[in-house]
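Heads up, the thing below is written out as structure tokens.
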């Protein structure tokens, strides 16, 4: 049975396993879990919607065997409706898809809910808030991209982060508002001040020698 999204208004870090060492992924996930992480972010890319290819349902199913954390799957793919069920079967707890490829997402959000998982709606840096305004309250989480999707380690786009505040006004306090791209202690402080409560961090956690210190630094920044 799929896990429920952690309740708002708690700040959640969702480390992106794209930045971890896949040769020892079970140990990597166990280490962040031991430091209080409840969610992991799964960056799924198809080489079509974004210029990179990562992993699919078989890999997710293997990872699920070694972790009971909340699996936050971000489908950066052209046809998320076609591939949603295999990811659900593999054990994800949330599927976030892009408004750019599903311009009328009401039925898809319902399908995800009917399948027992939560639904997230994502918009790219160039996509205006108006594109999701009608549908955002139907979702469980909104993901604001503060980099162009496709690769880790990109620079934070401050202008894109400014969309967080109006989205928070649209969805109210009970929908999670996630940010992905260039998150570190400095940018974490900024996006949480706008109303974000779920932060995807890749290199800022897995790229650091001491993950406990890295996690603590981001959390501390969010509380200031």
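Just so you know, all these numbers are worked out from the coordinates, no wet-lab data involved. Computed from a prediction, not measured in an experiment: that's the story for all the values here. Backbone-built Cβ (ideal geometry, glycine too); neighbour counts: all protein chains shown.
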Segment 139-224: radius of gyration and largest Cα-Cα distance (Dmax), Å: 12.5, 39
How much length, in nm to one decimal, is gained on full extension between residue 24 and residue 189, taken as 0.36 nm per residue of separation minus their Cα-Cα distance? 56.3 nm
extent check for segment 33-125: Cα max minus min per principal axis, descending, whole Å, gives 39, 31, 25
Using the basic label-point model (7 angstrom from Cα toward the beta carbon), what is the residue 78 to residue 174 distance in nanometres? 3.8
Peptides 1-9, 110-118: what's the order by average Cβ count within 10 Å, highest mean first? 110-118, 1-9
Based on the alpha carbon coordinates of segment 70-171, what radius of gyration and maximum Cα-Cα distance (Dmax) apply, in Å? 13.2, 37
Percentage, to the nearest whole number, of Cα pairs in segment 12-222 over 29 Å apart: 17
For segment 8-57: rounded, prolate or oblate by the Cα gyration tensor [a/c cutoff 1.5]: oblate
For segment 181-196 and segment 72-146, distance of Cα centres in Å: 22
